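Engineer: Please see the structure below; I have some questions.
The values are calculated or read from the model by the stated rules, or taken from the named source; none is laboratory data. Since the model is a prediction, treat every value here as computed from it, not as a measurement. Methodologically, a virtual Cβ is constructed for each residue, glycine included, from the backbone with ideal geometry; neighbour enumeration extends over all protein chains shown. Remember, those area values only see protein heavy atoms, side chains included, never the ligands or the DNA or RNA. Shrake-Rupley method; radii C 1.70, N 1.55, O 1.52, S 1.80 Å.
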Amino acid sequence: MIQNVLKTEEMIQQIINQAKKVHLNLPPDKLSHQTVANNQGKENDLGALCVDTGKFTGRSPKDRFIVKDNYTQDHVDWGDINKGITPESYQKILSKMINHLKDKEIWYRTASAGADEDYQVGIHVINETPWANLFANNLFLRSYNKSNAAKDWTILHAPSFFADPETDGTRSENFTILNLSERIILIGGSAYTGEIKKGIFSILNFLLPIEHNVLSMHCSANEGKDKDVALFFGLSGTGKTTLSTENNRKLIGDDEHGWSDKGIFNFEGGCYAKCIDLSPEKEPEIYGAIKPGALLENIVFFPNSNKVDFSNGTKTENTRVAYPIEHIENRKTSSTGGLPKNIFFLTCDAFGVLPPISRLTPQQAMYYFISGYTAKVAGTEIGIIEPQSTFSACFGKAFLPLHPTKYANMLGDRLNQGNINVWLVNTGWIAGPYGTGERISLKYTRSLIHEALSGELDKKEFKTLPIFNLQYPSTSSHVPAEILNPSASWENQDDYTAQAERLALQFVENFKQYKDHAEEQIIQAGPNLSKLSI
């Protein structure tokens with residue numbers, strides 16, 4: 001490892017020595033000023049910097065690779081998600097990138113990830129543009145401990161560098177390559193900044209479970225006045241940031257966390273929130289975070305103005321704002337918390353079948369965590385223009401280098417150790433599927449989560465959803481009963497039953513890949529197919 005560290009330091013120094021000019025750890029105001037001066041963006045009426053990420057406005061998971069070498073070949077869960085690339089191809093691309101950066105103006109930043117210093121890693125980021133460096137400033141921890149250099153990671157982000165698929169071993173011109181042995185991440189051909197943050201998340205998903213027995217999670221977290229911690233799992237667009245950011249609970253973090261024996265800690269130093277249809281009425285905390293220092297991506301202005309039309313998804317539905325967590329007034333300063341009391345699995349159900357909220361048994365919790373059912377919403381990945389049902393293990397399979405059951409077993413161990421409530425929350429469609437029904441009101445979802453956190457839901461009578469055997473509350477203080485019971489909101493009950501049966505079959509078919517790794521009681525916690533009519 002020491003040899004790798006020295007090799008990386010030499011690489012960074014070579015890039016610096018060859019650069020036309022190096023900007024080191026510039027503050028947000030200077031990065032914004034440079035971006036505007038370079039005609040790469042402009043400020044909106046709230047003082048935030050607005051940029052376009054070009055061709056790519058979402059991640060490209062099919063173009064993500066992990067170097068397959070002696071260290072990784074027996075650890076990584078190789079397949080469609082974790083695609084291998086040879087050390088030779090990696091080295092060829094790295095050499096080309098270093099040469100590509102020669103005589104260029106670069107922006108270099110040192111940062112870190114992991115609010116708990118026991119598990120913190122240092123980060124070196126080299127960017128081609130000041131606004132991408134601003135993203136790194138906002139999303140990573142704005143501190144760096146040189147004494148832990150052996151844990152450092154380096155990110156080379158060069159959107160103007162394109163690979164040659166025929167000779168470089170990539171699928172296309174754009175790529176993200178993780179070298180877990182040399183602790184280097186290469187990103188080329190894409191200016192979408194989400195690749196930067198998810199690159200670091202992926203490597204922490206590898207390191208923390210293996211080296212520290214820390215469960216890494218794709219979830220947001222907040223803390224109540226009584227120090228009770230809640231986790232919100234879910235894929236992009238299901239509501240993690242929105243539902244964890246509110247005025248009566250302190251935000252720990254909005255997307256990536258670790259769960260150690262001590263409790264929860266945030267990986268990041270900021271938030272990367274979707275802002276399509278954003279308004280100060282619906283999401284006041286996030287809207288309030290859009291101010292000088294924040295970075296807005298791929299938004300559209302009202303004509304002849306610098307005022308953002310947040311309802312306009314012409315460029316992409318995946319409009320984003322990246323801001324430091326300090327922009328959220330009601331935050332947990334340490335970005336850490338105790339052991340969780342409530343866990344919410346956020347599922348954007350495009351079928352309109354699942355209840356707005358269900359209480360899960362420990363076995364059901366494991367089943368739905370491993371399944372990771374949701375819908376990919378428009379814009380979060382290339383080619384997604386309307387919700388598509390998907391199963392993403394652990395609500396983040398695209399970022400998991402290890403086999404999903406590794407993370408699921410770690411969660412199961414933690415659920416067995418404490419009195420933790422687990423809830424399945426449908427933030428998707430009701431009264432019909434996508435195209436027929438409507439997406440459930442954020443107001444209703446917030447109310448049900450508040451009732452779960454306060455313990456009010458536990459006092460309600462629960463009913464059983466046929467086929468899925470999910471327990472849902474029959475009444476709520478703020479949500480109509482016909483909303484709580486998903487079939488009651490459909491005009492035609494036969495249509496609902498048919499849709500539920502189709503979804504149940506998808507669950508069972510998806511879970512077949514995990515049957516050899518799951519206990520029988522977990523398998524039985526899924527949908528019951530014995531009485532299906534189809």
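Engineer: Residues of the stretch 51-70 being in a loop (DSSP other than H, G, I, E, B) and not acidic (D, E), which ones?
Structural biologist: Matches in the stretch 51-70: T53, G54, K55, F56, T57, G58, S60, K68, N70.
Engineer: If you go through the stretch 313-330 one residue at a time, how many are surrounded by fewer than 19 Cβ atoms within 10 Å (Cβ to Cβ), touching a residue at least 12 places away in the same chain (Cβ under 8 Å) and under 21 Å from E256 (Cβ atoms)?
Structural biologist: Qualifying residue count for the region: 1.
Engineer: Here's a follow-up. Any idea which of (1) assigned to a loop (DSSP other than H, G, I, E, B); (2) touching a Ser or Thr at 6+ places or on another chain (Cβ under 7 Å); (3) among the charged types (D, E, K, R) is the one E268 doesn't satisfy?
Structural biologist: Failing condition for E268: (2).
Engineer: I need a count of the residues in the stretch 79-97 that are assigned to a loop (DSSP other than H, G, I, E, B), closer than 17 Å to D69 by Cβ and either open to solvent by 60 Å² or more (accessible area, probe 1.4 Å) or touching a helix residue (DSSP H, G or I) at 6+ places or on another chain (Cβ under 8 Å) (or both).
Structural biologist: Adding up the residues that qualify gives 1.
Engineer: Mind checking which strands (runs of 3 or more DSSP E) fall wholly inside the stretch 415-534 and carry at least 2 residues that are among the charged types (D, E, K, R), surrounded by 12 or more Cβ atoms within 10 Å (Cβ to Cβ) and modelled with pLDDT under 95?
Structural biologist: On the way: elements: 421-426, 462-465, 470-473.
Of the strands (runs of 3 or more DSSP E) lying wholly inside the stretch 415-534, none has at least 2 residues that are among the charged types (D, E, K, R), surrounded by 12 or more Cβ atoms within 10 Å (Cβ to Cβ) and modelled with pLDDT under 95.
Engineer: Please go through the stretch 104-119 and pick out each residue that is under 28 Å from K262 (Cβ atoms) and either open to solvent by 30 Å² or more (accessible area, probe 1.4 Å) or charged (D, E, K, R) (or both). Give the derivation first.
Structural biologist: Restricting attention to the stretch 104-119, the residues satisfying the condition of being under 28 Å from K262 (Cβ atoms) are 110-119.
Listed by number, the residues that qualify are T110, D116, E117, D118, Y119.
Engineer: I've got another one for you. Which condition from (1) in contact with a strand residue (DSSP E or B) (Cβ under 7 Å, 6 or more places away or on another chain); (2) at pLDDT below 95; (3) open to solvent by 20 Å² or more (accessible area, probe 1.4 Å) is the one that T245 breaks?
Structural biologist: (3)
Engineer: Please work out which one of (1) under 24 Å from K406 (Cβ atoms); (2) within 20 Å of the chain's Cα centre (by Cα); (3) at pLDDT 95 or above is the condition S112 fails and give its number.
Structural biologist: So the condition that S112 fails would be (1).
Engineer: Just to be sure I understand the filter: pairs with C-beta atoms under 6 Å, separated by 6 or more residues or on different chains, first member in the stretch 245-266 and touching a residue at least 40 places away in the same chain (Cβ under 8 Å) and farther than 17 Å from F233 by Cβ, second member hydrophobic (A, V, I, L, M, F, W, C) and open to solvent by less than 10 Å² (accessible area, probe 1.4 Å). Which pairs pass?
Structural biologist: So the pair list comes out as S260/V214.
Engineer: Next question, about the same structure. Being more than 19 Å from N38 (Cα to Cα), hydroxyl-bearing (S, T, Y) and outside any strand (DSSP E or B) is the filter here; which residues of the stretch 114-161 pass it?
Structural biologist: Within the stretch 114-161, Y119, S143, Y144, S147 qualify.
Engineer: Please name all residue pairs, on different chains or six or more residues apart, with Cβ atoms under 9 Å, provided the first residue is in the stretch 114-140 and is on the phi > 0 side of the Ramachandran plot and the second residue is among the charged types (D, E, K, R) and at pLDDT below 95.
Structural biologist: Listed by first residue and then by second, the contacts come to nothing, as the list is empty.
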